[in-house]
Amino acid sequence: MKVKVNKDTCIGCSLCADNCPDVFKMDGDLAVVIADMVPSEAEDTTRETAQNCPVEAITIED
């Protein structure tokens, strides 16, 4: 599973980095993906984080 953050949409709320630090981190005011492939043990948390993004900036590719 791969995940992306749309930098044009991200508002820098840091929800993703707080909830799923194995996959996301903050780079200044924007979230970035730090895992080329989401670890299997982080897939459920990553999906939940994407669903909870307030501006729908996170997309998942299975």
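The values are calculated or read from the model by the stated rules, or taken from the named source; none is laboratory data. Everything quoted here is computed from the prediction, not taken from an experiment. Reconstructed Cβ throughout: ideal geometry from the backbone, glycine too, with neighbour counts over all protein chains shown.
Restricting to segment 11-62, give me the number of residues that are of a type in the set (Asp, Glu) and either over 14 Å from residue 1 (Cβ atoms) or touching a Leu at 6+ places or on another chain (Cβ under 7 Å) (or both). Break it down stepwise before answering.
Keep residues of segment 11-62 that are of a type in the set (Asp, Glu), which gives 18, 22, 27, 29, 36, 41, 43-44, 48, 56, 61-62.
The next check asks that each one be either over 14 Å from residue 1 (Cβ atoms) or touching a Leu at 6+ places or on another chain (Cβ under 7 Å) (or both); those that pass are 18, 27, 29, 56.
Here the count works out to 4.
Specify the residue that is surrounded by the most Cβ atoms within 10 Å (Cβ to Cβ); the eligible residues are those in segment 1-37 that are under 14 Å from residue 48 (Cβ atoms) and among the charged types (D, E, K, R).
By that ranking, first place goes to 22.
Is it fair to say residue 49 is surrounded by 12 or more Cβ atoms within 10 Å (Cβ to Cβ), at pLDDT 95 or above, of a type in the set (Ser, Thr, Tyr) and in a helix (DSSP H, G or I)?
yes
Mind counting the residues in segment 9-62 that are in contact with a strand residue (DSSP E or B) (Cβ under 7 Å, 6 or more places away or on another chain) and without any contact (Cβ under 8 Å) to a residue 24 or more places away in the chain?
Selection size over segment 9-62: 6.
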